[in-house]
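*Asks:* Dumping the structure here so I can ask a few things about it.
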């Protein structure tokens, strides 16, 4: 029989500076009891909460180092709880442990900044301990706020991936659960419209909900650049989801660590390809990278297996696909200094699977 090891708020004073306190928020008392006992055996202190509202109340009295929570709970569900915690305690790391089959729920939680998620039931508690240790390590080093969850999975830091990286169990899960991988990638697509200053960008992506998706993502840089990428996650060997998440991790980590504030497409592609070669669960994929320098009114495109069409309303140009990302795509020709003027459009069509368009325009000129 497992012994309950819960720490009550009145016992917090007994926690020494070296102790790590974990808040476990779950409406299943059996799961709480078993998990608390396991965490206690690993040297952690635990405070339990029976639902999201109970968790928020206890946060007024205790300061945990990490929160683990379910998504499906009464009174205040996991998504609402994660949202509240991310607003009130932005530096407090969270890990979701949930039996939900709706990956859009997981993706919603990921967008609020959770650092990891584990599916129930937890068949291997070593995975749980690994997730906790990695998250707490990042928190202690004060890099947790900077990491995207995908960077956490791949342990990406400062624009690099560790050599001879071991296969991460999350990626095994996605490889074995194609539907979960597909739904997660669909749900992680960013907002369709975004703006900075006078410039606006909007994309439209139509594709089958049944096939592995083409994934688009973007980021604004402080100097007014708009960087983006497209990745086709549908690969013959089933590694497309893992590779797409690696691209996401490397893309955002590269931009976060820019020293010159100017994104270089070949530098970005080189780092991502190095990451693909280091990761056992990645493979070459079709991709496209772009940077719009809006202060100069120009666009640069680096194809990596995806061809596209560009137009600014006056002239148009076809960009050939070149070799795939992961097959030395830095050899591909960069089409640069494409004049945006007041607006331009990049379009792509994969016969029978998807249609994509990206509009970049100033003010209401689209």
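The values are calculated or read from the model by the stated rules, or taken from the named source; none is laboratory data. If you're wondering where the values come from, they're calculated on a predicted model, not measured in any experiment. Every residue, glycine among them, receives a Cβ derived from its backbone with ideal geometry; neighbour counts consider all protein chains shown.
Every residue, every condition in (1) assigned to a strand (DSSP E or B); (2) surrounded by fewer than 14 Cβ atoms within 10 Å (Cβ to Cβ), yes or no:
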{"position": "290", "(1), (2)": "yes, no"}
{"position": "301", "(1), (2)": "yes, no"}
{"position": "310", "(1), (2)": "yes, no"}
{"position": "318", "(1), (2)": "yes, yes"}
{"position": "323", "(1), (2)": "no, no"}
{"position": "337", "(1), (2)": "yes, yes"}
{"position": "347", "(1), (2)": "yes, no"}
{"position": "355", "(1), (2)": "yes, no"}
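*Asks:* Just to be sure before I move on: is residue 268 surrounded by 23 or more Cβ atoms within 10 Å (Cβ to Cβ) and assigned by TED's automatic domain parsing to the domain that holds residue 317 in the structure I sent?
*Replies:* Yes.
*Asks:* With modelled with pLDDT of 95 or more and either over 26 Å from residue 197 (Cβ atoms) or not assigned by TED's automatic domain parsing to the domain that holds residue 116 (or both) as the only criterion, which of 283, 242, 287 stands out?
*Replies:* From the options 283, 242, 287, the qualifying one is 287.
*Asks:* Turning to a different aspect of this structure: Being part of a helix (DSSP H, G or I), crowded, with 22+ Cβ neighbours inside 10 Å and not assigned by TED's automatic domain parsing to the domain that holds residue 242 is true for just one of 132, 114. Which residue is that?
*Replies:* Going through 132, 114 in turn, just one is part of a helix (DSSP H, G or I), crowded, with 22+ Cβ neighbours inside 10 Å and not assigned by TED's automatic domain parsing to the domain that holds residue 242: 132.
*Asks:* Something else now. Out of 283, 263, report the one residue that is free of Cβ contacts under 8 Å to residues at least 60 places away in the same chain, surrounded by fewer than 21 Cβ atoms within 10 Å (Cβ to Cβ) and not in a helix (DSSP H, G or I).
*Replies:* It is 283.
*Asks:* Quick check: is even one residue across the stretch 218-241 part of a helix (DSSP H, G or I) and farther than 21 Å from residue 264 by Cα?
*Replies:* Scanning the stretch 218-241 turns up at least one residue that is part of a helix (DSSP H, G or I) and farther than 21 Å from residue 264 by Cα.
*Asks:* Ok, one more. Going through 83, 88, 63, 48 one at a time, which residue ends up being assigned by TED's automatic domain parsing to the domain that holds residue 24, free of Cβ contacts under 8 Å to residues at least 40 places away in the same chain and farther than 24 Å from residue 188 by Cβ?
*Replies:* It is 88.
*Asks:* Would you confirm whether any residue within the stretch 325-332 is surrounded by 21 or more Cβ atoms within 10 Å (Cβ to Cβ), touching a strand residue (DSSP E or B) at 6+ places or on another chain (Cβ under 8 Å) and free of Cβ contacts under 8 Å to residues at least 40 places away in the same chain?
*Replies:* There is at least one residue in the stretch 325-332 that is surrounded by 21 or more Cβ atoms within 10 Å (Cβ to Cβ), touching a strand residue (DSSP E or B) at 6+ places or on another chain (Cβ under 8 Å) and free of Cβ contacts under 8 Å to residues at least 40 places away in the same chain.
*Asks:* Just need a number here: residues in the stretch 292-351 that are touching a helix residue (DSSP H, G or I) at 6+ places or on another chain (Cβ under 7 Å) and closer than 26 Å to residue 196 by Cβ.
*Replies:* 4
*Asks:* Another question, if that's okay. Answer with yes or no whether residue 173 is surrounded by fewer than 19 Cβ atoms within 10 Å (Cβ to Cβ), in contact with a strand residue (DSSP E or B) (Cβ under 9 Å, 6 or more places away or on another chain) and at positive phi.
*Replies:* Considered against the rule, which asks whether it is surrounded by fewer than 19 Cβ atoms within 10 Å (Cβ to Cβ), in contact with a strand residue (DSSP E or B) (Cβ under 9 Å, 6 or more places away or on another chain) and at positive phi, residue 173 comes out as no.
*Asks:* Does residue 313 satisfy being farther than 17 Å from residue 229 by Cβ and touching a strand residue (DSSP E or B) at 6+ places or on another chain (Cβ under 7 Å)?
*Replies:* Spelling it out, residue 313 is indeed farther than 17 Å from residue 229 by Cβ and touching a strand residue (DSSP E or B) at 6+ places or on another chain (Cβ under 7 Å).
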